[in-house]
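Take a look at the structure set out below.
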Amino acid sequence: MKFILDLSYRYKLPLWGGMLIIITALAVSGTLISHAYDELKEDLLHDSETMGYSLKTNLFPAMLHDDVWRAYEIISVPINRPIEGSNPVKAEHILVIDNELRVFVAAHPKSAPMLTEMRHLNPEFAVLADRIMQMDGRSSQEINLPESKYYYYVTPISSENLHLGTLIIAHPKNIFLPRFVQLARHGLEVGAIILAILLPFNWYWGRRMALPLVQITERMGDISKKWPSELNSDLFVYRDEIGQLFVAYTQMLRDLKDKEEFEKQMVQSERLAALGQLAAGIAHEINNPLSGMLTAIDTLKSYSDLDPRTMKTIDLIERGLTQIKETVGALLVEAKIKSRHLAPQDIEDVLTLVTPMARKKALHIGWHNSLDEAVPLPATLVRQILINLLLNAVQATEQQGEVTFDIGIADSQLQFSVANDGRMLSDEQIAHLFEPFSPMSEGSHGLGLWVTYQIVHQLGGRVSVKREPNDLMHFTVSIPLGGVA
Amino acid sequence: MFPFGNKIESSLIYRLPSSNTENYFINHFIMLRKYLWLTVLLASSAVWANENTQPIRFGLTPAIIHNQYELLADWREYLQKKLRRPVEFVSRDSYRETIDLIRQQKIDFAWVSTYPYVYLEDKRLARLLVTPLYQGRPYYSFYLIVPSTDLETKSLLQLKGKIFAYADPYSTSGYLAPRYQLQQAGENPNRFFRKTFFTWGHQRIVDAVAQGLADAGSLDSFVWDTLSVIQPDLTHQTRIVAKSPEYGFPPVVARRSVSRADSAAMQQALLGMANDPEGAQLLKRLNLSGFAPGDAKLYDGIRKMMRTMADQ
């Protein structure tokens, strides 16, 4: 049983449905058959009553005149009647008993010879004899002995107050069997036709119901192992519970994705924040001795008695230290620079700056600038972000590729996006894109995107990268107006 | 080949008041047949109307197997043709009724059993017309039969306390003869058997014995022999225990008041059957070989039996 209950709905639903249909068909035909059986029995009783009445009416004068032969002929007719049509009801035995409970005449005289004591015929007739003794001699009666193979119908042969004997009609209890078989066959035929129509329909319907459940279940089961594939929304278009389940599943998947995305960003920004702190800390620690060293070298150089060889070495050291200072300076992004507000013209300037490089690669630049007035953001920093992102995009784009740029104000935020086709970044690459010295980052020392991120972050904004389905790398930046800067 | 039979049962059914729809239809069928019969009768009467409107009425009894309607219709047709006047057959199940019909002059001729013949002759109500020939001879006998399962019984006297089926109180073979035999053996025929009943026909004696309704019965040899050909299944269920000596075959009688001419014409028609192809064919179907002029001496044995029993 558990095996059946453990089955997939794919099979269970059609099976249950089929079983219900079969049980219903059986119950209905069973009821009909039992009803028909009752009717047959009712008919039998009615037949016996009618037959008993007409036989007794004819038997009375025959018995009155002791005309055995005539009585025999009267009771033989129903016995010898050929079975016709669909009515199988035919008496198997008819007896006429006199007032002393002896056989006056029987339709089968060999089994009940004339003048035999009824009680001596067989034990059943002894019981019948007792019942007949108890009867009032006027009304007919059906006698159903549970052990007997016959239904007995007993009719007193009397007219007015003269009682001559008793008529016993015996119908075999299995009389209905042929009719019953016929009924059952009809019932089964109809049932089979109904099943033939309903079962395939049920099968199809069951599968149709189960398939969405099965798919959802499979995906839910896989969710811990891999990211489940999207459900085909054409699979189930209705708004019932399964449809709602579909919607809920899709929503859940979307939420999960968002959550994961959010977690990724959290991790990334935490990492970048830690890196920023680290970098700033190191930069400060380096900058102090570095300034001392550079001052010392400067002082040393002011003494002109140095031999050329030493001078050369000192220059070498000074250049090295200067490079360290620059690198550290680049790492130490300082957003707290006083600057004028960003004007629409600044954006156009950036375009002008980028155009020569783009032209070299014969790129097409889609440019949408919807800024129409100055916004309260530091122009220098925003320009730096724009230049970094655009140069990065131009670098990453193949010959004759496309770069699009879009900028505007929405929700009190400066929002702009840079998209380019060409080289696609992997998830792994994207995850580490904004870290310092990223190989994907263009510009000085691979610090372009790091700087961009740091600036945006310090301005209280967000920067994100997405790989669009249509082979576009999409950088989106949003910075709240009048932010931290 | 005897195209007899198959009508016997419906005759039985006809006697019975219907107890269900089926019988209702059978009754209607029989009624319809009676009407057809009547129509034929009226039509044929009309043909002969110019010569003689008075039909000849011919009584039939269970002395022969008297309910083969098709055969009887053909025979009637034949007689009409020979006599050139209408003939009506009047069938009765009991001899008493036929005797009464002759007494009341409602029939002109009758084929009766030997007992009714002797009775009618002695009462001067009818006279012998012809005696049928069975297997070429004007004789028949009586058979005592028991169910074929009874292998013990060898004579009538062994049947004391049994149930015995009589044919008719005016039957020789089916009533008079066994009672005579018992009386001759010193038994009281009224007490010898435990129970007796009448079947009103010889064939029904065979039925009653075969079905076990009666332990034994006595009947006309001609009927049993004929049945043994047309319904061997039935006669096989019985066993002949004893055959009586031969007596004159149940004859055809003429009512005394029938004119000489009519009487002679009928006698001639019957006697001539054997010499006529159509008549011979009918005789064959009746299981007879012909008719012979009656000889009253053939029935002396019966008369003796009757007188003896009448003295009782």
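Quick note: the coordinates plus some simple rules give every number you see, no bench work behind them. It should be emphasised that the depicted structure is a prediction, and the values quoted were computed from it without experimental measurement. Backbone-built Cβ (ideal geometry, glycine too); neighbour counts: all protein chains shown.
Couple of notes before you dig in:
- Within the stretch B:140-224, trypsin sites (Lys or Arg not before Pro) in DSSP loop having at most 16 other beta-carbon neighbours inside 10 Å: B:K154, B:K160, B:R194
- Listed by chain and number, the lysines placed with their C-alpha closer than 22 angstrom to that of A:K312 are A:K301, A:K325; residues fewer than eight positions away on the same chain are left out.
- Given their separation in residues at 0.36 nm each and the Cα-Cα distance between them, A:E241 and A:L316 gain 19.3 nm when the chain is fully extended.
- Dipole moment magnitude, nearest 20 debye, the protein assembly as shown about Cα centre, only Lys, Arg, Asp, Glu C-beta charged: 4880 debye
- In Å, descending, principal axis extents of the Cα set of the protein assembly as shown: 200, 65, 50
- Per residue of peptide A:71-81, the mean number of Cβ atoms on other chains within 10 Å of the residue Cβ is 5.
- Other residues with beta-carbon under 12 Å from the beta-carbon of A:I286 carry, at +1 per Lys or Arg and -1 per Asp or Glu, a net charge of -1.
- Short-range pairs are left out: with C-alpha atoms under 8 Å and at least six residues apart, the relative contact order of the stretch A:365-478 is 26 percent.
- Summing Lys and Arg as +1 and Asp and Glu as -1 over all other residues whose Cβ lies under 11 Å from the Cβ of A:L13 gives a net charge of +4.
- From phi via Karplus (6.51, -1.76, 1.60), per-residue ³J(HN,Hα) for the stretch A:284-296 in Hz, x at Gly/Pro: 4, 5, 6, 4, 4, x, 5, 4, x, 5, 5, 4, 4
- Under a 5 Å amide H cut-off, with hydrogens placed 1.01 Å from N, A:I143 pairs with A:Y152, A:Y153, A:V154 among residues at least 5 apart or on other chains.
- Only lysines eight or more places from A:K56 in sequence, or on another chain, were considered; those with a Cα closer than 19 Å are A:K90.
- Measuring between alpha carbons in the structure, the pairs from A:K12/A:K226; A:K110/B:K160; B:K123/B:K160 lying more than 25 angstrom apart are A:K12/A:K226; B:K123/B:K160.
- With the Kirkwood sum run over all distinct C-alpha pairs, the stretch A:241-331 has a hydrodynamic radius of 17.7 Å.
- Annotation: amide H of B:F291 within the under-5 Å range of B:L133, B:A274, sequence separation 5 or more or interchain, hydrogens built in the peptide plane.
- Average beta carbon contacts from partner chains per residue of A:254-266, 10 Å cutoff: 0
- Karplus (6.51, -1.76, 1.60) ³J(HN,Hα), θ = phi - 60°, over the stretch A:455-468, in Hz, Gly and Pro reported as x: 5, 4, 4, 5, 7, x, x, 9, 10, 9, 10, 9, 9, 7
- Sequentially through the stretch A:92-99, phi angles give Karplus couplings (6.51, -1.76, 1.60; θ = phi - 60°) of 9, 8, 9, 10, 10, 10, 8, 5 Hz, Gly and Pro residues having no value and appearing as x.
- For the peptides A:76-83, B:284-291, the ranking by packing is B:284-291, A:76-83, with the highest mean count of neighbouring Cβ atoms within 10 Å listed first.
- The stretch A:186-235: GluC sites (Glu not before Pro) falling in loop per DSSP and having at most 15 other Cβ within 10 Å: A:E230
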